[in-house]
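The values are calculated or read from the model by the stated rules, or taken from the named source; none is laboratory data. Being a predicted model, the structure only gives us computed values, none of them experimental. Note that each Cβ is placed from the backbone with ideal geometry, even for glycine, and that neighbours are counted across all protein chains shown. The area values use the complete protein model at the heavy-atom level, side chains included, leaving out ligands, DNA and RNA. Shrake-Rupley method; radii C 1.70, N 1.55, O 1.52, S 1.80 Å.
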Amino acid sequence: FRRMENKKEKTFQFVVVGGGIAGVTLQCVCHVSRTLEEFDVEEQPSSVLEEKFPNLTIIHSVVKSLHTKSHCVETADGRVFGYKKLCVCSGARPKLLTQDNPYVLGIRDTDSAQEFQKRLSKAKRIVIVGNGGIALELAYEVEGCEVIWAVKDKAIGNTFFDAGAAQFLIPSLEADKPQAAAPCKRPRFTTEEAAPGAYGHGPTDSGSALGPDWHEGIALRGAQEVRSCMLEYQCEVEKIFTCEELHKSPEQTLRTELGDWPVYVRLTNAQTFGCDFVVSATGVVPNTEPFLQGNTFVVADDGGLQVDDHMMTSEADVYAAGDVCTACWEQSPLWQQMRLWTQARQMGWYAGRCMAAHILSEPVELDFCFELFSHITKFFNYKVVLLGKFNGQGLGPDHELLVRCTKGQEYVKVVLSGGRMVGAVLIGETDLEETFENLILNQMDLTPYGEELLNPDIDIEDYFD
């Protein structure tokens, strides 16, 4: 304890560990409605922030350890900084299928995205494993390459929508893409090149998560003239082996059948594919390791640091926000945590409010953004809005669904429980997000309206205005 006290170079009132969206919530936010937001993000070097905020010091270094008893953090280059309040915003790292395999690539930050682009330019076939946001984006965006897409579920996009919405999107995988993508109001989130040893550039750490629309402006093109995407449903990876390993194995006859490839993937459905490389897009793991040793953090079942309704961890004066934490307060029946950019921004902003309020001994109430889950994104060039219990999460059999689908244009799904709207999925330019958000928050009894609620001949926006 005394050794760390003596080594302190400087003590700050607030210390934030991490440079992702939760740690850097210094942007202009355009509100679409009460809980829905679209971002306007400006890419700038860290020096601009330091010039704008004279009381801000940015330290490019990896955090080696946290000493909560002495209220200090130690960096990889041996420097020690004290704090009065600290917020851990270290994000999460890809959950790779296998470690240290040069043919398995996880995509999480700008460095790994650039590495993917470089490898893809020489590839004829890749295998994508996973069914989350990154997998959905890649399967659609990759051109000039054969794509084998392995998902463990019965339908694509299981994290975000149901089988009906998946069927609505599937034709887009085979159809010709529009010449120009639909306009996007959010510029890309990228990071500046960090100095050697900077946070997120260690051998096992990754940088800030890729933001929405990260693939725009990046040429995701392989070495072929045409593209194709083949889906393998309800399967996972059983084994990954290199050309050399296959040659030495009893299955070497497969090489003759499959041809020469740098790497081969055997799936649990007994299918084996050769490819140039494998993209592991099977989720993330909270990046908590540098902070656990020697401390008594309570860690949730999913590996995140448990936080209460003031974003405080179990350690005094230590807060956490974004992908690294797990919300363990009594949650609104219309909200759930998902490790998404929108929630990382909301948590970072709210954690900052809480830290300042506690320093000033002022009360702070749980932010309204945690009242209703809301997320805007884009898949297969369609705008996608998710509200509340959009997949009927935790509702059991006691709920009903209303669906309206216009092929190639829109997919609208409403989740009702006890006659009240509790969730919705909107795909396409429906202009219904604000109306549905209000109906969910107001909990109005919609029983009298029945299926007329989604009648395309009725202007529901004006009706419930």
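Limited to region 91-129, what total is found for residues that are in a loop (DSSP other than H, G, I, E, B), open to solvent by 10 Å² or more (accessible area, probe 1.4 Å) and either among the β-branched types (Val, Ile, Thr) or in contact (Cβ under 8 Å) with a residue 40 or more places away in the chain (or both)? Please lay out each step first, then the result.
Within region 91-129, the first condition is being in a loop (DSSP other than H, G, I, E, B), and the residues that meet it are 91, 95-103, 107-109, 121-124.
Then keep just the ones that are open to solvent by 10 Å² or more (accessible area, probe 1.4 Å); that gives 91, 95-103, 107-109, 121-122, 124.
Keeping just the survivors that are either among the β-branched types (Val, Ile, Thr) or in contact (Cβ under 8 Å) with a residue 40 or more places away in the chain (or both) gives 91, 95-98, 101, 103, 107-109, 121-122, 124.
So the answer is 13.
Taking first residues from region 60-77 that are farther than 14 Å from Glu315 by Cα and in contact (Cβ under 8 Å) with a residue 12 or more places away in the chain and partners that are surrounded by 17 or more Cβ atoms within 10 Å (Cβ to Cβ) and among the charged types (D, E, K, R), the Cβ contacts under 9 Å between residues at least 6 apart in sequence or on separate chains come to Val62/Asp205; Val63/Glu74; Lys64/Glu74; Ser65/Glu74.
Here Gly106 does not fit the description of being at positive phi and modelled with pLDDT of 85 or more.
Can you tell which of Val384, Val414, Val364 is surrounded by fewer than 19 Cβ atoms within 10 Å (Cβ to Cβ), β-branched (Val, Ile, Thr), over 15 Å from Gln336 (Cα atoms) and at pLDDT 90 or above? Spell out how you get there, then give the answer.
Values: Val384 fails: surrounded by fewer than 19 Cβ atoms within 10 Å (Cβ to Cβ); Val414 fails: surrounded by fewer than 19 Cβ atoms within 10 Å (Cβ to Cβ).
Going through Val384, Val414, Val364 in turn, just one is surrounded by fewer than 19 Cβ atoms within 10 Å (Cβ to Cβ), β-branched (Val, Ile, Thr), over 15 Å from Gln336 (Cα atoms) and at pLDDT 90 or above: Val364.
Do we have Lys152 as under 26 Å from His375 (Cα atoms) and either open to solvent by 50 Å² or more (accessible area, probe 1.4 Å) or more than 19 Å from the chain's Cα centre (by Cα) (or both) here?
On the way: under 26 Å from His375 (Cα atoms): yes; either open to solvent by 50 Å² or more (accessible area, probe 1.4 Å) or more than 19 Å from the chain's Cα centre (by Cα) (or both): yes.
Taking the combined requirement at face value, the residue satisfies it.
Candidates in region 417-465 are the residues that are acidic (Asp, Glu) and open to solvent by less than 60 Å² (accessible area, probe 1.4 Å); of these, the one that is nearest to His399 (Cα to Cα) is Glu437. Figure legend. Inter-residue proximity from region 290-304: first residues farther than 16 Å from Asp323 by Cβ and in the same structural domain as Val324 (by TED's automatic domain parsing), second residues of a type in the set (S, T, N, Q) and open to solvent by less than 20 Å² (accessible area, probe 1.4 Å), beta-carbon distance below 7 Å, spacing 6+ or different chains. Indicated pairs: Asn295/Thr68. Within region 216-236, the set of residues being at pLDDT below 90 and surrounded by fewer than 15 Cβ atoms within 10 Å (Cβ to Cβ) comprises Glu216, Gly217, Ala219, Ala223, Gln224, Glu225, Val226, Ser228. Within the set Val307, Val279, the sole residue that is touching a Phe, Trp or Tyr at 6+ places or on another chain (Cβ under 9 Å), of a type outside the set (Lys, Arg) and under 18 Å from Gly106 (Cα atoms) turns out to be Val279.
The residues listed here are Trp349, Trp341; of these, the one that is in the same structural domain as Gly19 (by TED's automatic domain parsing) and either aliphatic (A, V, I, L, M) or within 23 Å of Val73 (Cβ to Cβ) (or both) is Trp349.
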